[in-house]
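Q: Take a look at this one; I'll ask things after.
Every read-out reported here was derived from the displayed coordinates using simple, explicitly stated rules and does not represent laboratory data. The structure displayed is predicted, hence computed values, not measured ones. For neighbour counting, all protein chains shown are included, and Cβ atoms are generated from backbone atoms with ideal geometry for every residue, glycine included.
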Amino acid sequence: MKISAIKDLLEADVVCNEEGLNRHVYSACGSDMMSDVLAFVKDQAVLLTGLVNSQVIRTAEMMDMNCIVFVRSKVPTAEMIELAKDSGIVLLTTTKRMYEACGILFSNGLVSNRVKDA
Amino acid sequence: MPDVLNFHFEVDGDDFKSAGHASFICKKNLRQLGISPEIIRRVSIAMYEGEINMVIHARGGSADVNVYEDCIEIILADKGPGIKNIKQAMQEGYSTATDNIRSLGFGAGMGLPNMKRYTDYMDIKSTVGEGTTITMKVNFE
Ligand SMILES: Nc1ncnc2c1ncn2[C@@H]1O[C@H](COP(=O)(O)OP(=O)(O)OP(=O)(O)O)[C@@H](O)[C@H]1O
Ligand SMILES: [Mg+2]
């Protein structure tokens, strides 16, 4: 799924890195606990979260994720936006709640996938 | 095993916001060496979890990343409170994190298990009251 399709489905606003909207993501992960996110490895994934601090951007960066969606109208700080710009991560914000946002993406074909224990 | 490259970082224990900075810089450095993205990701995640642990549980510490011919070694050392029961700490879901830390997105009790999962070797040496040293290795294969 293209990041632009995520933006449309979630009626989201683009916070930064608009030029990345053409990129594709193949899986998604929704959580407010960063170590839960870090337990999940999948290439080119999108992170949905209600957490707002620099560690959200760093977590996505460590995972090579290229899009973060902030749910419940959460707005990233200037510092977070700087970090995201540095890493080329597209930041979106939606008024939808976590459950609804995940449900919309899931039912439109964006699956989740947790890697099996090695 | 000849030492090819070493990256050393001091991790500030007073600033949660900057936690993860060492892992971020390290990841950039590794990328410049042309190491495969998959290996870099595994090293980065393991180091990041360890770095966050040093900040939230041990008031900071140091990180050394050694790039050898056949593997990357990560050594995280702190002078924090130490871990009393390592076996228990390694269990998924076990955490002593406070509600404050949880509200910052950490304290799921997944960090140490993640570090183990993403690396080929992991050793924890810890003495209560003295500190903790964690050594991890990711093989190039
Ligand atoms: N460097 C350390 N010094 C002292 N105690 C530690 C250290 N690292 C981990 N611990 C202890 O081990 C427990 C488990 O660590 P782990 O990283 O698995 O979970 P967590 O940090 O509590 O939560 P999460 O990693 O999911 O955010 C911690 O709650 C803490 O009690
Ligand atoms: Mg942890």
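Q: Answer with yes or no whether A:Lys74 is more than 10 Å from every other protein chain (Cβ to nearest Cβ), more than 19 Å from B:Pro37 (Cα to Cα) and basic (Lys, Arg).
A: Working: more than 10 Å from every other protein chain (Cβ to nearest Cβ): yes; more than 19 Å from B:Pro37 (Cα to Cα): yes; basic (Lys, Arg): yes.
Judged against the criteria, A:Lys74 is a match.
Q: For residues that are more than 14 Å from the chain's Cα centre (by Cα) and away from ligand 2 (no atom under 13 Å from the Cβ), tally how many sit in segment B:99-119.
A: Total meeting the criteria: 3.
Q: Also, I was wondering about something else. Pull up segment B:28-54, narrow it to residues that are aliphatic (A, V, I, L, M) and crowded, with 24+ Cβ neighbours inside 10 Å, then point me to the one that is nearest to B:Thr127 (Cα to Cα).
A: Going residue by residue through segment B:28-54, those that are aliphatic (A, V, I, L, M) are B:30, B:33, B:35, B:39-40, B:43, B:45-47, B:52, B:54.
Filter once more, keeping what is crowded, with 24+ Cβ neighbours inside 10 Å: B:43, B:45-47, B:52, B:54.
Details: B:Val43: 25, B:Ile45: 25, B:Ala46: 21, B:Met47: 21, B:Ile52: 19, B:Met54: 15 Å.
Among them, the one singled out is B:Met54.
Q: Being within 11 Å of chain B (Cβ to nearest Cβ), on the phi < 0 side of the Ramachandran plot and not in a helix (DSSP H, G or I), is that true of even one residue in segment A:97-111?
A: Applying the first criterion (within 11 Å of chain B (Cβ to nearest Cβ)) to segment A:97-111 yields none.
No: zero hits.
Q: Of the conditions (1) within 15 Å of ligand 2 (Cβ to nearest atom); (2) over 26 Å from A:Val56 (Cβ atoms); (3) touching a residue at least 24 places away in the same chain (Cβ under 8 Å); (4) of a type outside the set (D, E, K, R), B:Gln88 satisfies every one except a single condition; which number is it?
A: With respect to (1) within 15 Å of ligand 2 (Cβ to nearest atom); (2) over 26 Å from A:Val56 (Cβ atoms); (3) touching a residue at least 24 places away in the same chain (Cβ under 8 Å); (4) of a type outside the set (D, E, K, R), B:Gln88 is out only on (3).
Q: Against the definition (surrounded by 16 or more Cβ atoms within 10 Å (Cβ to Cβ) and either among the hydroxyl-bearing types (Ser, Thr, Tyr) or within 13 Å of the chain's Cα centre (by Cα) (or both)), how does A:Thr59 come out, yes or no? Break it down into steps so the answer makes sense when it comes.
A: Details: surrounded by 16 or more Cβ atoms within 10 Å (Cβ to Cβ): yes; either among the hydroxyl-bearing types (Ser, Thr, Tyr) or within 13 Å of the chain's Cα centre (by Cα) (or both): yes.
So A:Thr59 fits the description; yes.
Q: Please determine whether any residue of segment B:93-100 is of a type in the set (Gly, Ala, Ser) and more than 9 Å from ligand 1 (Cβ to nearest atom). Write out each step before concluding.
A: Here is the first cut: in segment B:93-100, the residues of a type in the set (Gly, Ala, Ser) are B:93, B:95, B:97.
Checking which are more than 9 Å from ligand 1 (Cβ to nearest atom) leaves us with none.
So far as segment B:93-100 goes, no, none of its residues is of a type in the set (Gly, Ala, Ser) and more than 9 Å from ligand 1 (Cβ to nearest atom).
Q: Checking B:Ile40 against (1) under 15 Å from the mean Cα position of the chain (by Cα); (2) within 16 Å of ligand 2 (Cβ to nearest atom), only one condition comes out false. Which one?
A: Exception for B:Ile40: condition (2).
Q: Please work out which residue is farthest from ligand 1 (Cβ to nearest atom), limiting yourself to segment B:121-133 and to residues that are more than 15 Å from B:Ser62 (Cβ to Cβ) and touching a helix residue (DSSP H, G or I) at 6+ places or on another chain (Cβ under 9 Å).
A: B:Met122
Q: I'd like to verify a number: residues in segment B:51-80 that are within 15 Å of ligand 2 (Cβ to nearest atom) and over 10 Å from the mean Cα position of the chain (by Cα), how many?
A: 9
Q: Oh, and also: Can we say B:Ile72 is more than 20 Å from B:Gly20 (Cβ to Cβ), surrounded by 17 or more Cβ atoms within 10 Å (Cβ to Cβ) and touching a helix residue (DSSP H, G or I) at 6+ places or on another chain (Cβ under 7 Å)?
A: Values: more than 20 Å from B:Gly20 (Cβ to Cβ): no; surrounded by 17 or more Cβ atoms within 10 Å (Cβ to Cβ): yes; touching a helix residue (DSSP H, G or I) at 6+ places or on another chain (Cβ under 7 Å): yes.
Considered against the rule, which asks whether it is more than 20 Å from B:Gly20 (Cβ to Cβ), surrounded by 17 or more Cβ atoms within 10 Å (Cβ to Cβ) and touching a helix residue (DSSP H, G or I) at 6+ places or on another chain (Cβ under 7 Å), B:Ile72 comes out as no.
Q: Hey, another quick one. Out of B:Gly34, B:Gly13, B:Gly80, B:Gly50, I need the residue that is more than 11 Å from ligand 1 (Cβ to nearest atom) and of a type outside the set (S, T, N, Q). Which one?
A: B:Gly34
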